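Notes for the one structure printed next.
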Ligand SMILES: [Cu+2]
């Protein structure tokens, strides 16, 4: 289940002269334990355009607040920090995965296994991409 292929391509909403293209290669939202309102999502994003993209923010209607986090080793303790200015160079792939860069959803309500959650990533350029990720059991 976890490695089910989830392949689709999303065209960016064009608001500038650059017709950038992005593909969500794979991704999932991990179903949080019962009584927990925080969920993590993982994703692989490919930039097939010839320009670097900078990820500014992410949102989802399934959570009160969604943000990019990275895991850092602070004096031997692993801590999650808000990740800003995540760069996605031209013709490259970025991976959000457990223990590294990931998507944090705070205040999630009633996620159902095998349902889909909507996301929108906003780029510094003002462009954005919308996509769905499946909810999978941990
Ligand atoms: Cu986190």
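Under 8 Å for C-alpha pairs, at least 6 residues apart: give me the relative contact order for the chain, rounded to a whole percent. Kindly include the intermediate steps, with their values, before the conclusion.
Working: 342 pairs, mean separation 42.6, N = 138.
Taking the mean separation of contacting Cα pairs over the length of the chain, I get 31 percent.
At 7 Å along Cα-to-Cβ for each site, give me the label-to-label distance between residue 106 and residue 84 in nm.
For residue 106 paired with residue 84, the spin-label model returns 1.5 nm.
For the range 20-136, give me the percentage of DSSP beta bridges that are antiparallel, rounded to the nearest 5 percent. Could the numbers behind the result be given before it?
Details: 42 of 44 bridges.
Roughly 95 percent of the beta bridges in the range 20-136 run antiparallel, per DSSP.
I'm checking a number: the convex hull volume of the Cα atoms of the chain, normalised per residue, in Å³. What is it? Provide the component values of the computation, followed by the final result.
Working: hull volume 15.2 nm³, N = 138.
Convex hull of Cα atoms, per residue: 110 Å³.
So if R0 is 25 Å, what FRET efficiency would residue 115 and residue 21 give, r being the distance between their Cβ atoms, rounded to the nearest 0.05?
Working: r = 27 Å, r/R0 = 1.10.
Here the calculated transfer efficiency is 0.35.
Take residue 71, project a point 7 Å from its Cα along the Cβ direction, then tell me which residues of the range 103-138 have their backbone nitrogen under 19 Å from it.
Residues 103-106, 136-138 qualify, since their backbone N sits under 19 Å from the label point.
With no solvent and one equal point scatterer placed on each C-alpha of the range 33-89, evaluate the Debye formula and give log10 I(q)/I(0) for q = 0.17 Å⁻¹, two decimals.
Result of the Debye calculation: -0.76.
Here, each number is a calculation from the coordinates, and none is a lab measurement. In this text, all values refer to a predicted model and were calculated from it rather than measured experimentally. When we count neighbours, we look across all protein chains shown, and the Cβ atoms used for this are built from the backbone with ideal geometry, even at glycine.
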